[in-house]
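Undergrad: First, the structure itself, so that you have it in front of you.
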Amino acid sequence: MPWGTMTSPEAPETIPLVPRRAVGLTPARAGLLLAVLGLGLGLLGGCRRAAPAGFALRRAVESGSFAVNGSPLRSKADGLVFPVKPELRPLDLDHEHRPVVLLPAGAWTWRGRVPSGATLHAGLALLPPVWDAVEQLEATIEVRDEDRQDREVLAVGRLRRAEAGRWLDLDTDLGRWAGRKVVLIFSAALDGLPPRYRSANLVAWGPVALVASGRSADSGRPNILFILVDTLRRDRLTPYGYRRDTSPEIARRLAAAGTVCDDAYSQAPWTLPSVVSFMTGRFPGELLGEDLSTFGVPPGVETMAERMEKLGYETGGYLANPTLHVGAGFERGFRSFFAPPADVEWLRKHADSLNARALPWLRAHQGKPFFLYVHYIDPHDPYENPEVVNGRSPFLPGYDGPVTGEWVHGIYTGHRQLPDPARDLRQINALYDTEVHYVDRAIGELLAAIPPVILARTLVVLTADHGEEIHDHGGWKHGQTLYEEQIHVPLIVRWDGHVPAGRRLAGTVRLLDLLPTLSHAAGGRPDPAWQGIDVLPSLTGERPLPDRPAFAHGLSGGPLRVAAVRGHEKLILFNREEPFRPADPLQAYLWTKDLERLQRVELYDLAADPAERRNLYAGNSPPSAERAAALAPIVFRQLDRELGGLKVMTDGLPAGSRLGGSIVFSHAPQRAVPYFLAPGDRVEMTGDHLRFDLVSEPLAKGFRIDGDFGRILGIEVTLDGQPLPPARLRVGPGRPYAGGGLGPGDLLTAEWPGLLSRGAGLDLWIHDTSGAARRRARDPETERRLRALGYID
């Protein structure tokens, strides 16, 4: 990685500093930064300003609101005074990206009147290239009241050489100095620094802010705190009626003070596609390729953080899941960003570790509207945390078997077996519940760090990217199925004075609705590219929640699996007949388990059967077939937008009738893929000739043609041995097939033909995906992380 350089005035050699590539530093922003620094040059030289009511270091330097005096301790100027011109740079350290102000070792000052309720936060670090040359970094913050001759050391922090690769954060309460005119002295001493480097800008300060908790920089817009709890089951939270008190902080600080959404659904059952979806307001299947290593936010698709940054918000993202890494687009829009390395051991770090990084950011950024995204990894496996002692959960202290929280991944992969399934399953559930209890405590700590007057104007969202299967349907962990325990997620929203307290919102909300909703709250306009809708008026009680179905897509590799929920009716489809060759032993094991437990079509009444124990689908027999057929258009319309190729599907033909035929292409396509066919259906491709024999049923089904087929030279179709009437054989947007050849352009349509009621028949079409933003390029880092975390064997 290339490094920027800086020359010390006392030595001709250069000292490498920080990476040129940095999160959020676009060429346009760099140009603006240079312009701002140019403005700052005209303001140097001991100018005076009215005493400010607090400050944020980086913003002050960006705007040129500072003075330069070679002896800042002797300066009488109000505001910020530095010994030399400060530098603005981004710095990546300990997997955390921060925008910083670079200064040499020594002191700089701020002079002003301390506002009521003021707190001071100062973060700093030593630039990596000089770690080996310094014994210790010592930071001191001192306050002086020159009228009263009072002085006090407010905070001292030290980083020794072995600790130099991390950030140092200092916090102090200035309450007893409120209303007084003071000088704050910030100093950094570098023990053992060679003399020739002493004038070099080696100390990175950031963030540094004096915040008055009783003031609001913009009272018309809320702060936004987005809390994502990875792998959190909705049914294990106290506000959703769980028998164990797993989440008292969430219940007290969020549910009692805000609105609980009864039915929220994720758009995928695992992290990468789910986060892509709610960060973009788009269905993930339209943005992601078929290979898991392509998963990330496509270039050119705006993220939630980018939208908030454009709206003037200070943005911070603190993510504990290692799959959400820099380079896959998840960092875009965040000025400050943390994501762990691709190391499975980071799954053992818990919510307290993430809070240690997020809380300093939160304390320093309360002076203007902020958007903070905090993504906890608990309760993702292994089910371990400080509340679990000797492998035992406080919820089940008497367990005396061998199972610990480390077993879960081994059970998932088939390498471990439960010796006493009934007893051991209770243990695993208790361990998972302890994980929920532990992260709940961390969420309480995060919310408690926001002063009440700031929290009162903060919109807080709590949700999960997906849930967790704990043998509910014969499997473990997440990503393989679309049952309620995996996609029915919690969603609680608090915004004092806007979202009613103690209320429950009935109806379906999709996680992709969150971006339009938060943008509205922040004063933004809707984006036509969003597929989610703005539900803020429903959260505030202005109007009822729109009736929108939820759609979820497995997107975990292997044969297609999708689900649709409308009201309390749920349809799950599994493309069992799709040819599949597992790429590794893990896929082979999971595929075998899925064939044992998943049906091609599953239909559930969630009101009567919330645990999905009774599959109501009984083939062609009404009324289950009619209920399934009513939900199927939700699935097929969305899949049509996501899946490429030529689609050939039956719809509405008499149940039990046989549809046979052939299609001749000008040259051989790549393959024919079954599209929710039944075991008795047949599709055979021989070179450029395709033959099919399908048994009709109420649900639409058929096959897809992948690859370049040139042209269709001819189509012949029979229904129960008789030629299918021309009006029932349709091409493109629904035109009757008049015979002869067809090119791809003749088959294009912008919508699934099944949306138009034209009677029973067979449709052939290609969905027009021109201009679609899809992430296709393989990313070796994404693949490496998925492999390191056990998603790929």
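Undergrad: Expressed in nm to one decimal, what extension gain is obtained for the pair residue 688 and residue 540 from 0.36 nm per residue of sequence separation less their Cα-Cα distance? If you can, show how the numbers build up before the last one.
TA: Values: separation 148, 0.36 × 148 = 53.28 nm, distance 5.85 nm.
This chain segment gains 47.4 nm when fully extended.
Undergrad: At a Förster radius of 41 Å, what calculated FRET efficiency corresponds to the Cβ-Cβ distance of residue 242 and residue 678, to the nearest 0.05?
TA: 0.55
Undergrad: Which value, in Å² rounded to 10, gives the accessible area of residue 562 with a 1.4 Å probe and all protein chains present?
TA: 0 Å²
Undergrad: Roll a 1.4 Å probe over the protein chains and send me the accessible area per residue for the range 294-383 in Å².
TA: On the way: 1990 Å² over 90 residues.
Value for the range 294-383: 22 Å² per residue.
Undergrad: Which listed residue (284, 434, 242) has the Cα farthest towards the positive end of the charge dipole for the chain, taking +1 on Lys and Arg C-beta and -1 on Asp and Glu C-beta about the Cα centre?
TA: It is 284, whose Cα lies furthest towards the positive end.
Undergrad: Is the range 425-470 rounded, prolate or oblate when judged by the Cα gyration tensor, a ≥ b ≥ c being the square roots of its eigenvalues, rounded requiring a/c under 1.5 and prolate requiring a/b larger than b/c?
TA: Oblate, since a/c reaches 1.5 and b/c is not below a/b.
Undergrad: Find how much the distance from residue 349 to residue 496 grows on full extension, using 0.36 nm per residue of separation minus their present alpha carbon separation; answer in nm with one decimal.
TA: That works out to 49.7 nm of additional length.
Undergrad: Residue 592 label point, 7 Å along Cα→Cβ, cut-off 16 Å on backbone N: hits in the range 456-479?
TA: Only 475-476 fall inside the zone, counting backbone N under 16 Å.
Undergrad: So, with +1 on the Cβ of K and R and -1 on the Cβ of D and E, and no other charges, what is the size of the charge dipole of the range 143-261 about its Cα centre, to the nearest 20 debye? Can you show the working numbers first?
TA: Values: 21 positive and 15 negative charges, 56 e Å.
Roughly 260 debye for the range 143-261.
Undergrad: Follow-up. About the Cα centre, and with charges only on the beta carbon of Lys, Arg (+1) and Asp, Glu (-1), how big is the dipole of the chain? Nearest 20 debye, please.
TA: Approximately 2260 debye in magnitude.
Undergrad: Please state the charge dipole magnitude for the range 560-680, taken about the Cα centre, from unit charges on C-beta atoms (+1 on K and R, -1 on D and E), reported in debye and rounded to the nearest 20.
TA: For this selection, approximately 120 debye.
Undergrad: A further question on this structure: Could you compute how much accessible surface residue 310 exposes when probed at 1.4 Å, giving the result in Å² to the nearest 10?
TA: Accessible area of residue 310: about 150 Å².
Undergrad: Follow-up question, since we're still on this one. Using amide H atoms built 1.01 Å from N in the peptide plane, name the residues 5+ places from residue 505, or on other chains, whose amide H lies under 5 Å from its own.
TA: 260, 261, 262
Undergrad: Nearest 10 degrees, 0 to 90: what angle lies between the long axis of helix 351-364 and the longest principal axis of the chain (Cα atoms)?
TA: In the chain, helix 351-364 runs at an angle near 60 degrees to the longest axis.
Undergrad: Given R₀ = 60 Å, FRET efficiency for residue 547-residue 145 by Cβ-Cβ distance, to 0.05?
TA: On the way: r = 63 Å, r/R0 = 1.05.
Step by step, r from the Cβ atoms, then E = 0.45.
Undergrad: Evaluate the Kirkwood expression for the hydrodynamic radius of the range 158-246, namely the inverse of the mean inverse distance over all pairs of different C-alpha atoms, and round to one decimal in Å.
TA: In the range 158-246 this quantity evaluates to 19.3 Å.
Undergrad: Separate question: Explain nothing, just compute: Karplus ³J(HN,Hα) = 6.51 cos²θ - 1.76 cosθ + 1.60, θ = phi - 60°, for every residue of the range 653-668 in order, whole Hz, x for Gly and Pro.
TA: Karplus-based 3J(HN,Hα) across the range 653-668 equals 6, x, 4, x, 6, 10, 10, x, x, 8, 10, 10, 9, 6, 8, 5 Hz.
Undergrad: What nm distance separates the two modelled labels at residue 584 and residue 453, each placed 7 Å from Cα along Cα→Cβ?
TA: 5.4 nm
Undergrad: Find, to one decimal place in angstroms, the Kirkwood hydrodynamic radius of the range 477-597, where the mean of 1/r is taken over every pair of different Cα atoms and then inverted.
TA: 17.0 Å
Undergrad: Turning to a different aspect of this structure: Any aspartates and glutamates with Cα under 14 Å of the residue 85 Cα? List them, leaving off those in the same chain fewer than 8 positions away.
TA: The reachable aspartates and glutamates, counting only those whose Cα sits under 14 Å from residue 85, are 62.
Undergrad: So, one more: Taking the radius of gyration and the Kirkwood hydrodynamic radius from Cα positions alone, what is the Rg/Rh ratio for the range 58-183, to two decimal places?
TA: Across the range 58-183, the Cα-based Rg/Rh ratio is 0.97.
Undergrad: Of 500, 377, 267, whose Cα points farthest to the positive end of the dipole of the chain (charges on the beta-carbon: +1 Lys, Arg; -1 Asp, Glu; origin at the Cα centre)?
TA: Farthest towards the positive pole: 500.
Undergrad: Quick one: grab the alpha carbon gyration tensor of the range 571-705, order the square roots of its eigenvalues as a ≥ b ≥ c, and give me rounded if a/c is under 1.5, else prolate or oblate depending on whether a/b is larger than b/c.
TA: oblate
Undergrad: Ordered by residue, what ³J(HN,Hα) values in Hz, to whole numbers, does the range 204-211 give under the Karplus form 6.51 cos²θ - 1.76 cosθ + 1.60, where θ = phi - 60° and Gly and Pro are x?
TA: Rounded to whole hertz, the list is 9, 9, x, x, 10, 7, 9, 10.
Undergrad: While we're looking at this one, here's another question. According to a simple spin-label model (label point 7 Å from Cα along Cα-to-Cβ), what is the distance in nm between residue 235 and residue 615?
TA: It works out to 1.8 nm between the two label points.
Undergrad: Please compute the length gained on full extension between residue 713 and residue 768, using 0.36 nm multiplied by the number of residues separating them and subtracting their Cα-Cα distance.
TA: Roughly 17.7 nm would be gained on extension.
Undergrad: Would you tell me the accessible area of residue 407, worked out with a 1.4 angstrom probe on the heavy atoms of the protein chains, in Å² to the nearest 10?
TA: 30 Å²
Undergrad: How big is the chain along each principal axis, measuring the range of its Cα positions in Å and listing the largest first?
TA: Sorted from largest, the Cα extents of the chain read 103, 62, 52 Å.
Undergrad: Classify the range 275-352 as rounded, prolate or oblate from the Cα gyration tensor: take a ≥ b ≥ c as the square roots of its eigenvalues, call it rounded if a/c is under 1.5, otherwise prolate when a/b beats b/c and oblate if not.
TA: oblate
Undergrad: Using the Cα centre of the chain as origin and beta-carbon charges of +1 (Lys, Arg) and -1 (Asp, Glu), tell me which of 544, 337, 522 is placed farthest towards the positive end of the dipole.
TA: The residue sitting most towards the positive pole is 522.
Undergrad: Still on this structure: Can you compute 3J(HN,Hα) from phi for each residue in the range 144-157, using the Karplus curve 6.51 cos²θ - 1.76 cosθ + 1.60 with θ = phi - 60°, rounded to whole Hz and x for Gly and Pro?
TA: Karplus-based 3J(HN,Hα) across the range 144-157 equals 10, 9, 5, 6, 8, 6, 8, 8, 7, 7, 7, 7, 9, x Hz.
Undergrad: What's the FRET efficiency of residue 760 with residue 396 using the Cβ-Cβ distance as r and R₀ = 56 Å, to the nearest 0.05?
TA: Values: r = 56 Å, r/R0 = 1.00.
It comes to 0.50.
The values are calculated or read from the model by the stated rules, or taken from the named source; none is laboratory data. Because the structure is a prediction, the values reported are computed rather than measured. Positions of Cβ are generated from backbone atoms using ideal geometry, with glycine treated the same way; all protein chains shown enter the neighbour counts. Calculation scope for accessible area: heavy atoms of the full protein, side chains included, ligands and nucleic acids excluded. Shrake-Rupley method; radii C 1.70, N 1.55, O 1.52, S 1.80 Å.
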